[in-house]
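Novice: Submitted below is the structure of interest, expressed as structure tokens.
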Amino acid sequence: MGTTWSVRVPATHGGNEGLLRAAIGETLEAVEQEMSHYREDSTISRFNRRSGSTWFPVSKEFARLVMRADHVFRETNGAFDVTCAPLVDLWGFGPKSGDARVPTTADIAAAMNRTGSRHLDARAAPPALRKHIPELELNLSAIAKGHAVDRVGRMLVDRGIRDWLVEVGGELKIAGERASGVSWTIAIERPLASGRLAHTALEVEDIAVATSGDYLIFWEHEGRRFSHIIDPRTGRPVRHDTASVSVFASTCAEADAWATALLVLGAERGLELADTLGLAVSFVVRTTADQFDVKTSSAYRRRYGDR
């Protein structure tokens, strides 16, 4: 997935570190083999190359993840769309990207003609996907890292490890305690491209957290910044003042998808939807180039107060 991972467990968990590290690697490799669009032999790459409209067999995990993504697509009226691969590539942020440049209106329209989750079917039994237009391609970057976190967490539980923190590319999930009577502490990052600083610190337990931001992956042209957060409804990078969104949920895949979706929507519309759906969310909004305001959903405030 082109990123890093880390797993923290108590030294007293009673297992062999080498065996545990190997098990983590095998779990992440399984996710990569299914969902990495940088691998030509992955399930997602083979599906993307397929031009037919018949059902394409996938794993249960893969089908369920696409169904979960489709749920977010429908709840947001298209603000989250895993078929936006042509747009991601067009703006210089995907595996098929060339030199970063501002595409023409015609280029954007042509790419949007190849997108849309309404052109994608997924079924659970037997698990499979089907595309309605041959050019349709998937990009699961906005949900696959969270899914990988969940998979590693389940593996740890299966091995009898009750206390852990799993992180993949900044998305994380926590179970139990860091030490006896001591909660895990996490930080929401201050959204600055110049350096990594904590914006808010929270004590948490048994929760998944994902953050989506526009401040680390971007390019500039004629004084304008273009981030990798693409609005599938317009085909263009988002332009509002919401710099990052952190979502707290029971699974990291859910948190990962909603963090991206709510960042596309922006704080105003995103807060309305988060409150309607009972999502625990923190929005960091730019007021100046290096000053920020924090807006939180009612579910977040009930759990963590006004921090």
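Novice: Quick one: would you say Arg118 is assigned to a loop (DSSP other than H, G, I, E, B) and free of Cβ contacts under 8 Å to residues at least 60 places away in the same chain? Give the steps one after another, and end with the answer.
Specialist: Numbers: assigned to a loop (DSSP other than H, G, I, E, B): no; free of Cβ contacts under 8 Å to residues at least 60 places away in the same chain: yes.
Here the answer is no, as Arg118 does not meet what is asked.
Novice: Test Ala11 against the criterion of being out of contact with any Ser or Thr (no Cβ under 9 Å at 6 or more places or on another chain), free of Cβ contacts under 8 Å to residues at least 60 places away in the same chain and outside the structural domain of Ser183 (by TED's automatic domain parsing), and give yes or no.
Specialist: Yes: the conditions hold for Ala11.
Novice: With the requirement that a residue be small (Gly, Ala, Ser) and touching a strand residue (DSSP E or B) at 6+ places or on another chain (Cβ under 8 Å), what does region 105-141 give you?
Specialist: Ala122, Ala128
Novice: Based on what the data block shows, is Arg130 modelled with pLDDT of 95 or more and assigned to a helix (DSSP H, G or I)?
Specialist: On the way: modelled with pLDDT of 95 or more: yes; assigned to a helix (DSSP H, G or I): no.
It is false that Arg130 is modelled with pLDDT of 95 or more and assigned to a helix (DSSP H, G or I).
Novice: Scan region 258-307 for residues that are of a type in the set (S, T, N, Q), free of Cβ contacts under 8 Å to residues at least 12 places away in the same chain and closer than 14 Å to Ala243 by Cβ and report the count.
Specialist: The number of residues fulfilling the criteria is 2.
Novice: Also, I was wondering about something else. Strands (runs of 3 or more DSSP E) wholly in region 169-213 with at least 2 residues that are at pLDDT below 90, touching a strand residue (DSSP E or B) at 6+ places or on another chain (Cβ under 6 Å) and more than 22 Å from Glu254 (Cβ to Cβ) - which ones? Explain how you work it out, then say what you get.
Specialist: Details: elements: 171-175, 184-189, 198-204, 207-213.
The qualifying strands (runs of 3 or more DSSP E) are 198-204.
Novice: Quick test of your reading of the structure: Ala255 fulfils all but one of (1) assigned to a helix (DSSP H, G or I); (2) modelled with pLDDT under 95; (3) within 22 Å of Ala187 (Cβ to Cβ). Name the failing condition by number.
Specialist: It is condition (2) that Ala255 fails.
Novice: Among residues belonging to region 136-158 that are touching an Asp or Glu at 6+ places or on another chain (Cβ under 7 Å) and of a type in the set (Val, Ile, Thr), point out the one that is farthest from Thr4 (Cα to Cα). Walk me through how you get there before you give the answer.
Specialist: Initially, region 136-158 is screened for residues touching an Asp or Glu at 6+ places or on another chain (Cβ under 7 Å), giving 142-143, 145-146, 149.
Now narrow it down to the ones that are of a type in the set (Val, Ile, Thr): 143, 149.
Working: Ile143: 16, Val149: 12 Å.
It comes out as Ile143.
Novice: Which fully enclosed helices (runs of 4 or more DSSP H) of region 1-97 have 3 or more residues being under 30 Å from Glu177 (Cβ atoms)?
Specialist: 17-35, 60-75
Novice: Gly160 versus (1) on the phi > 0 side of the Ramachandran plot; (2) not assigned by TED's automatic domain parsing to the domain that holds Trp184: which is the lone unmet condition?
Specialist: (2)
Novice: State which residue is farthest from the chain's Cα centre (by Cα) when the search covers only region 43-52 and only residues that are in contact (Cβ under 8 Å) with a residue 24 or more places away in the chain and surrounded by 14 or more Cβ atoms within 10 Å (Cβ to Cβ).
Specialist: Looking at the filtered set, the residue picked out is Arg50.
The values are calculated or read from the model by the stated rules, or taken from the named source; none is laboratory data. For clarity, every value in this text was computed on a predicted model and none was experimentally measured. Cβ sites come from the backbone with ideal geometry, for glycine too, and all protein chains shown count toward neighbours.
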